[in-house]
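First comes the structure, then the notes that go with it.
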Amino acid sequence: MARVKLIVNEEDVAPEHHALFDTLAALRGRISGPSTVVLHSPGLAGPWNEISEYLHRQSIVEPQHAEVAVCATARERDCGYVWNAHVPLARKAGIGAETIETIRERRPIDDLPEAPRAVVLYVQQLLRNNRVDSAVFDQLLKAHDPKWMVELTGWIGRYAALSSILNAFEVSPAAPADLLPDVPGPVARPRVRPPLATPRVTPITRREQLAVAYRPVFDAIAEGRGGSIRGPFPYLLYSPELGRRHLAVGSYLRYHSQVKPEPRELAIIATAREKDCSYVWAAHAPGARKAGVSEATVALVRDRGDIAGLPAGERDVVDYVRQVWRRSRVPQPLFDRLRDQHGVTWLVELTALIGHYGIVSGILNAFEVAPAPDAEPLPLA
């Protein structure tokens, strides 16, 4: 049973949000899945949904590749809802039963056909290891192009974020459901290495690198980022419309969310730590201190320390981030404390923030984007 009231009817939202509800319901005939949770934050729900609409309606990643990536992501994140929603789509896209069963049962993928095997391996390395081997990345890049790679990474990050929301809020698939078996994932992972010396594709940092039609998107992103193109956007701009929609979500979460700067920045650096993302850490650790997070707390998050001695508010935020990424579940007492203290909308926005910076970290990690040489380091082990 879901942990909050799911929004499925127009009367579940305030009258001023009925138009938004009707717009989202019209896209798929009803409100379902993560939208039943995200609509607790109407200001977030609109831009959040636009990313899914782009991926499903405009992405150049072919359905057979996209659905393999989504199913593999659902398996890595142990999300029964996403699995049940997308296995039929995978079958419709021509994915064979053996491939689906191999993903479902976490079997070795060596004997899968080459195309789905390459995508599944990319998903597994990105979500398990926070890094992708050069041979794996280069194989896909050679077969496709940078825009395709950005959008494939976007599919993976998007469904990892959606899985986090569905799992944290305990949204179950409708019966009858093809339940994911409880198959343990890998316990150990390779030692995490620093980013490579140069990114894997040429970053887009000048508007003349884009076709004229997309230069307004470049200008909007530059304006929204203080005049420069940095972070994930030099890579997201290979898919300009996807980049624009990510900017809208990030702007809402950073500037309009109920999650105030101190817990927001704490959640971001905790996510950077869980995702081993040196760039996000370097960009946000100073902001966390400025927002009021103590040096001791920053150091504890950086070093993956014991959070038992932290003040209750900080402890619960860091614990929530760790539970989302390490266990794909959130213990009921922790969920209840945060919901009771801050409200449902706040908790929806916190979970979306964690997922969003998981997406950002995934792009930066996959494309090997390093912080400046003099940036604050993140120990990797």
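Derivation of every value follows stated rules applied to the coordinates shown; laboratory data play no part. Given the structure is predicted, the values throughout are model-derived calculations rather than measurements. We place every Cβ from the backbone using ideal geometry, glycine too, and count neighbours over all the protein chains shown.
So what is the relative contact order for the stretch 253-381, in percent, with contacts set as C-alpha pairs under 8 Å and at least six apart? Let's see the in-between values first.
Numbers: 133 pairs, mean separation 51.4, N = 129.
The normalised contact order for the stretch 253-381 reaches 40 percent.
Quickly work out the Glu98-to-Ala174 label distance, labels modelled 7 Å from Cα along the C-beta direction, and quote it in nm with one decimal.
3.4 nm
At a 10 angstrom cut-off on C-beta neighbours, averaged per residue, how do the peptides 262-268, 297-303 rank from highest to lowest? Before the final figure, lay out the partial values.
Details: 262-268: 23.6, 297-303: 18.7.
Taking the mean over residues of other Cβ atoms within 10 Å, the ranking is 262-268, 297-303.
What are the trypsin sites (Lys or Arg not before Pro) within the stretch 187-219 that DSSP puts in a loop, where the Cβ has at most 14 other Cβ atoms within 10 Å? It would help to have the intermediate numbers written out before the result.
Details: sites: Arg191, Arg200, Arg206, Arg207; in loops: Arg191, Arg200, Arg206.
Taking the stretch 187-219 and a limit of 14 other Cβ atoms within 10 Å, the loop trypsin sites (Lys or Arg not before Pro) found are Arg191, Arg206.
In the Gaussian network model of the chain, springs joining C-alpha atoms below 10 Å, which of Ala213, Ala160, Ala177 carries the largest mean-square fluctuation?
Ala213
Which of Thr102, Gly80, Pro113 sits closest to the plus end of the dipole of the stretch 70-121, meaning its Cα is farthest towards the positive end, when Lys and Arg get +1 and Asp and Glu get -1 on the C-beta?
Of the candidates, Gly80 comes out farthest on the positive side.
Report the Cα centroid-to-centroid distance between the stretch 1-68 and the stretch 165-223 in angstrom, as an integer.
Comparing the Cα centres of the stretch 1-68 and the stretch 165-223, I get a distance of 19 Å.
For the stretch 29-119, run through the GluC sites (Glu not before Pro) and keep only the ones in DSSP coil with at most 15 other Cβ atoms within 10 Å of their Cβ. Numbers along the way, then the final one.
On the way: sites: Glu50, Glu53, Glu67, Glu76, Glu98, Glu101, Glu105, Glu114; in loops: Glu105.
Those that pass, being in a loop and sparsely packed, are Glu105.
Which Cα, out of Thr297, Leu347, Val330, lies furthest along the positive dipole direction of the stretch 259-366 (beta carbon charges, K/R +1, D/E -1)?
Val330
Cut-off 10 angstrom, C-alpha nodes, Gaussian network model of the chain. Which of Val317, Val192, Val132 fluctuates the most?
Highest fluctuation among the options: Val192.
Based on Cβ point charges of +1 for Lys and Arg and -1 for Asp and Glu, what charge dipole magnitude is obtained for the chain about its Cα centre, in debye rounded to the nearest 20?
520 debye
Give the residue from Ser257, Val183, Ala135 lying farthest towards the positive end of the charge dipole for the stretch 128-263; charges sit on Cβ (+1 for Lys and Arg, -1 for Asp and Glu) and the dipole is referred to the Cα centre.
Result: Ala135.
At 222 nm, what value in deg cm²/dmol follows for the chain if DSSP H runs of at least 4 each add -39500 (n - 2.57) and the sum is divided by all its residues, to the nearest 500? Don't skip to the answer; put the middle values down first.
Values: 18 runs with 225 residues, N = 381.
Theoretical 222 nm ellipticity from helices: -18500 deg cm²/dmol.
Does the stretch 169-224 come out rounded, prolate or oblate, given a ≥ b ≥ c as the square roots of the eigenvalues of its C-alpha gyration tensor, rounded meaning a/c under 1.5 and, failing that, prolate meaning a/b above b/c?
In terms of gyration-tensor shape, oblate.
Go ahead and set up a Gaussian network model of the chain, Cα springs under 10 Å, then flag whichever of Ser52, Ser278, Ser134 fluctuates most.
Judging by the Gaussian network model, the answer is Ser134.
When only C-alpha pairs under 8 Å and at least 6 residues apart count, what is the relative contact order of the stretch 63-168, in percent?
37 percent
Between Ser134 and His18, what's the calculated FRET efficiency when r is the beta-carbon distance and R0 is 41 Å? Round to 0.05.
Details: r = 50 Å, r/R0 = 1.23.
About 0.20, to the nearest 0.05.
Grab the beta carbon distance between His256 and Asp111, set R0 = 51 Å, and tell me the FRET efficiency rounded to 0.05.
Efficiency for this residue pair is about 0.55.
Quote the FRET efficiency, to the nearest 0.05, computed for Asn9 versus Arg225 with a Förster distance R0 of 45 Å and r equal to the Cβ-Cβ distance.
About 0.70, to the nearest 0.05.
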